[in-house]
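Reading through the structure tokens given below for one structure.
The values are calculated or read from the model by the stated rules, or taken from the named source; none is laboratory data. Predicted model, so just to flag it, every value in this text is computed and none were measured. All Cβ positions, even for glycine, are placed from backbone atoms using ideal geometry, and neighbour counts span all protein chains on display. With ligands, DNA and RNA removed, areas are computed over all heavy atoms of the protein, side chains included. Shrake-Rupley method; radii C 1.70, N 1.55, O 1.52, S 1.80 Å.
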Amino acid sequence: MRRWAGRWGADAQGRSAWTRGRVLAGLAVLTAGLLAFHRAVPNSVGRLGSLLEAFLPWLGLVVVVLLGLALLRRSATALPALLLPVAAWTYHFGGLFLPGAPTGADDLLVVQHNVSDENADPAGTARALAGASPDLVALEEMVPAALPVYEKTLAPDYPYHAVRGTVGLWSKHSLTGARLLDIKPRGITESWSRGLRAVVRTPRGEVAAYVAHLPSVRVGASGLASSWRDASAGLLGKAIAADKRKPVILMGDLNGTVDDRGLDPLTSRMNVAERGFALSFPAGFPMARIDQVMARSAAVAHIRTLPATGSDHLPVAARVRWHAARS
């Protein structure tokens, strides 16, 4: 008891454990507020709300730092306050780490990958993706010179494929009705084809499959530049909303996380991954998952990353199931 009192009693300045660390306690409450009420952060200036949401999971690292400082300061005020951001982070992200349901016989395994227009080994990338044995492979950022390599390498396992512009879909099951999807926002004047839609005839039934590559975002002194990404997400969301077929699967490099309000036209209409964290970009030190698999009238039961390829993105693999899903 004396040892505890010595450690947690008054410091050299006469401050008790309850008066030390008030700033830390305030920062803990602020962090909890950002986690719980991130939608309240305005997007009117520099799209600060979207910028926060892009890196929202990393606020957990802030909590760890604050915890270390609170222990160092032996603050009886900061430590209880830290329970708030811990609870908020766990509520928001903890469920992603829980074990999912066992793989079902009717599950559809899909792989999504931005292969990079600077990929020096497209054949190796294609072999790595096929090695995961998915039913569907969605690719973005394919350059014309690399396309024949992907077609030749994937052909033995994926006899059906459709390519529109720089995006493509390879399938073990037959495809019909493949067409270009116009998701080009106003302001982009150059040639730009980054979306396609096709119907996949799976053993479970037909599913509408979308492959999309939304415009890039940039972070600068003025904040987050995402207007083209947001506009393209709106066009894609309208196309999916108008699609009468069920279920629908969307695979793509959406240049945004599922928490980013810029993707609301999609996340408000579709189910996102129930389990799995799967940070995918940049490949060398993944900071965010901007490569997404979403579904309507189906559930994305689990998502995970695959080993690095010659791209600056990591591939992601997701299990999609028809039953036990919300519309």
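The table below gives the values:
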{"quantity": "Residues located in the stretch 155-183, provided they are over 26 Å from P215 (Cα atoms) and buried (at least 21 other Cβ atoms within 10 Å of the Cβ)", "calculated": "Y158"}
{"quantity": "Looking only at the stretch 278-304, and only at residues there that are in contact with a Pro (Cβ under 7 Å, 6 or more places away or on another chain) and either among the hydroxyl-bearing types (S, T, Y) or closer than 24 Å to G60 by Cβ (or both), the one that is most open to solvent (accessible area, probe 1.4 Å)", "calculated": "L279"}
{"quantity": "Counted residues, the stretch 160-191 - those being of a type in the set (G, A, S) and in a strand (DSSP E or B)", "calculated": "5"}
{"quantity": "Qualifying residue in the stretch 19-26 (condition: within 18 Å of D260 (Cα to Cα) and either open to solvent by less than 80 Å² (accessible area, probe 1.4 Å) or in a helix (DSSP H, G or I) (or both))", "calculated": "no"}
{"quantity": "L236 vs. criteria surrounded by 20 or more Cβ atoms within 10 Å (Cβ to Cβ), outside the structural domain of P57 (by the TED database) and not acidic (D, E)", "calculated": "yes"}
{"quantity": "Condition broken by D157, with the remaining ones in (1) touching a residue at least 12 places away in the same chain (Cβ under 8 Å); (2) part of a helix (DSSP H, G or I); (3) over 26 Å from the mean Cα position of the chain (by Cα) satisfied", "calculated": "(2)"}
{"quantity": "Subset of the stretch 212-229 that is open to solvent by less than 20 Å² (accessible area, probe 1.4 Å) and of a type outside the set (K, R) - its residue that is nearest to A162 (Cα to Cα)", "calculated": "A212"}
{"quantity": "Some residue of the stretch 117-133 being at pLDDT below 95, out of contact with any helix residue (DSSP H, G or I) (no Cβ under 7 Å at 6 or more places or on another chain) and either among the charged types (D, E, K, R) or open to solvent by 10 Å² or more (accessible area, probe 1.4 Å) (or both)", "calculated": "no"}
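Yes or no, residue by residue, for (1) assigned by the TED database to the domain that holds V115; (2) touching a residue at least 12 places away in the same chain (Cβ under 8 Å); (3) touching a helix residue (DSSP H, G or I) at 6+ places or on another chain (Cβ under 9 Å):
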residue: G168; (1), (2), (3): yes, yes, yes
residue: T176; (1), (2), (3): yes, yes, no
residue: I183; (1), (2), (3): yes, yes, yes
residue: T189; (1), (2), (3): yes, no, no
residue: W192; (1), (2), (3): yes, yes, no
residue: E206; (1), (2), (3): yes, yes, no
residue: A209; (1), (2), (3): yes, yes, no
